[in-house]
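Report on the following structure.
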Amino acid sequence: MTVVWALSGAVAGLLAGVVGRGLVHRLAVPGGAPDRGCPRCGGPVGWTSRCCGRVLGPRLELVTAAVVASAAVRFAGRPEVVAFAFLGVLGVVLALIDVAVERLPDRLTLPAYPVLVALLAAAGDWAALGRAGLGCLALGGAYLVLGLARPGGLGPGDVKLAGVLGLALGWLGWPELVVGGALAFVLLGLTSAVLLAARRITLRDALAFGPFMLVGALVAIAL
């Protein structure tokens, strides 16, 4: 049965990755800039990221398939599997955009709140849903305080993403929320130390924090 869930998740992830590739191509632009069009004809790029007979954007289908498959195995047979699969797809898209242009678009993070709440509510566990709401406030509030205490350290996009991750981690439990939130800073510190030692970055360079938040949450969820 686990194999069936893994294969089903992989297929769903491949299909979602096609849409995700189009989102990354269009939205990986500086804040305030228009969506990226086709580099050849300048026209708009559709949901499947095809234009002028070729596929545009990064090839992320396999990554999305792996993430959704892991969510399908982790929550096999449980109604919240759809919510965490959605979060996995969103996470891949946001991570790639943040790495490319160091921003987390509101067009993705803000709609994620009602979508994730609706998907979790459909699971029918009202106690877990209430805890998810508190987790959203706790993690989002903590990031907001950190962002205000150190301007320039955390961006508004990081704070908004923290609330989304707080919903998912809070649904699972308080230990998952604490571990997922703390892992982001641990992973950032370790990666920075390695890159500094390799002289790939300097102390003045800043790394996009969104991917570390997402990987930390993914690890907490998987465990």
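Structure data summary
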| quantity | calculated |
| --- | --- |
| Unique residue being assigned to a helix (DSSP H, G or I) and in contact with a Gly (Cβ under 6 Å, 6 or more places away or on another chain) when the list is Gly180, Gly147 | Gly180 |
| Tally, over region 91-124, of residues that are basic (Lys, Arg) and surrounded by 18 or more Cβ atoms within 10 Å (Cβ to Cβ) | 1 |
| Unique residue being within 30 Å of Ala127 (Cβ to Cβ) and surrounded by fewer than 19 Cβ atoms within 10 Å (Cβ to Cβ) when the list is Val194, Val159, Val178, Val164 | Val178 |
| Matching option when the condition is at pLDDT 95 or above, in contact with a Gly (Cβ under 7 Å, 6 or more places away or on another chain) and of a type in the set (A, V, I, L, M, F, W, C), among Leu165, Leu154, Leu119, Leu129 | Leu165 |
| Residue in region 199-207 that is crowded, with 21+ Cβ neighbours inside 10 Å and either in a helix (DSSP H, G or I) or in contact (Cβ under 8 Å) with a residue 12 or more places away in the chain (or both) present | no |
| Tally of residues being over 27 Å from Phe75 (Cβ atoms) and part of a loop (DSSP other than H, G, I, E, B) across region 150-177 | 6 |
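The values are calculated or read from the model by the stated rules, or taken from the named source; none is laboratory data. All of these numbers come straight from a predicted model, not from anything done at the bench. For neighbour counting, all protein chains shown are included, and Cβ atoms are generated from backbone atoms with ideal geometry for every residue, glycine included.
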